[in-house]
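**Q** A single structure is presented below for examination.
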Amino acid sequence: MKFLFKVLDRITFYRTQKGWTEYQLAEKSGLTQSTISSWYRKDMVPSISSLEKICSAFGITLSQFFSTEETSFSLTPLQKDLLEASGHLTEPQQQALIEFFKLL
């Protein structure tokens with residue numbers, strides 16, 4: 001059961017980081033709120049396809065979701081595009097962009 005709580009804890013962690021309710025996560029992932037809440041009520045592990053939808057909503061990969069080390073992760077295609085697009089900015093512009101993202 002340790003694995004179950006880790007998965008659900010990770011979903012809760014990412015959801016609260018975004019400031020989302022279960023309903024908002026359901027909307028953004030394309031899953032129903034009853035599906036998400038049933039995972040917690042019934043101590044169920046979500047299917048891989050459901051986890052892929054959850055990760056997509058969070059803007060992370062499955063690899064990032066399951067990563068145990070903060071330094072070991074891969075970027076999504078959109079994250080790569082963001083990095084490449086910001087590459088031409090000066091350091092102060094990049095810092096301003098980071099501050100802007102934090103406000104979102």
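**Q** Which one of these does Leu31 not meet: (1) at pLDDT below 95; (2) at negative phi; (3) in a loop (DSSP other than H, G, I, E, B)?
**A** The one condition Leu31 does not meet is (1).
**Q** Now a separate question. For region 34-65, what are the residues that are under 16 Å from Pro77 (Cα atoms) and not in a helix (DSSP H, G or I)?
**A** Gly59, Ile60, Thr61
**Q** So which residues in region 39-61 are surrounded by fewer than 15 Cβ atoms within 10 Å (Cβ to Cβ), more than 13 Å from Asp9 (Cβ to Cβ) and free of Cβ contacts under 8 Å to residues at least 40 places away in the same chain, if there are any at all?
**A** Arg41, Lys42, Ser47, Ile48, Ser49, Gly59
**Q** Give region 3-30 a look and list any residue that's buried (at least 17 other Cβ atoms within 10 Å of the Cβ) and touching a Lys or Arg at 6+ places or on another chain (Cβ under 6 Å), or say none.
**A** Result: Leu25, Ser29.
**Q** Also, I was wondering about something else. Restricting attention to region 36-55, does a residue exist that is more than 14 Å from the chain's Cα centre (by Cα), among the β-branched types (Val, Ile, Thr) and modelled with pLDDT under 85?
**A** No, region 36-55 contains no residue that is more than 14 Å from the chain's Cα centre (by Cα), among the β-branched types (Val, Ile, Thr) and modelled with pLDDT under 85.
The values are calculated or read from the model by the stated rules, or taken from the named source; none is laboratory data. Because the structure is a prediction, the values reported are computed rather than measured. Every residue, glycine among them, receives a Cβ derived from its backbone with ideal geometry; neighbour counts consider all protein chains shown.
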